[in-house]
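Below you'll find the structure, written out as structure tokens, and then a few comments.
Read-outs throughout are calculated quantities, based only on the coordinates presented, and are distinct from any laboratory measurement. Values in this document were obtained by computation on a predicted structure and should not be read as measured data. Cβ placement follows ideal geometry from the backbone for every residue including glycine, while neighbour counts extend to all protein chains displayed.
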Amino acid sequence: MSSMETFSWGFLGSAAVELVALTGLYANIDRRFPSRYRRAGFWIARTALAVVAGLLAVAYAIDTRLLAFNVGAATPLIVTFLVRELKPVMPGRRSRAITGSRVEIRDSSPPAPWASRQS
């Protein structure tokens, strides 16, 4: 499969996610059309995400159509995971980690200089 074909299947997989969301609107009883679909910014961002999906399928060197389509559909999750893992925690900020039924508050401030000394 060529890179262009892989890109196309990844792009279509990402576009299919939005198609499923649009189709779900018709199952809704009050049938309110979300305002995001009327905004150019949404469609620009959605198209950019579909392009990223195609590029991601090419980057993974996928050689089957169905797998390229699946990667395209999963791209929002993949990108969210990558951004979350690469995003540095700023010093002095607190982050919350949910583990089981408990929420832990973690302080990302560097330790005090005297705290790292061993006696």
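Tabulated values for the structure
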read-out	value
Residues (out of contact with any helix residue (DSSP H, G or I) (no Cβ under 9 Å at 6 or more places or on another chain) and exposed (fewer than 10 other Cβ atoms within 10 Å of the Cβ)) located in the range 36-64	Arg38, Ala40, Gly41
Filtered residues of the range 21-45 (kept if among the basic types (Lys, Arg) and closer than 25 Å to Thr75 by Cβ)	Arg36, Arg38, Arg39
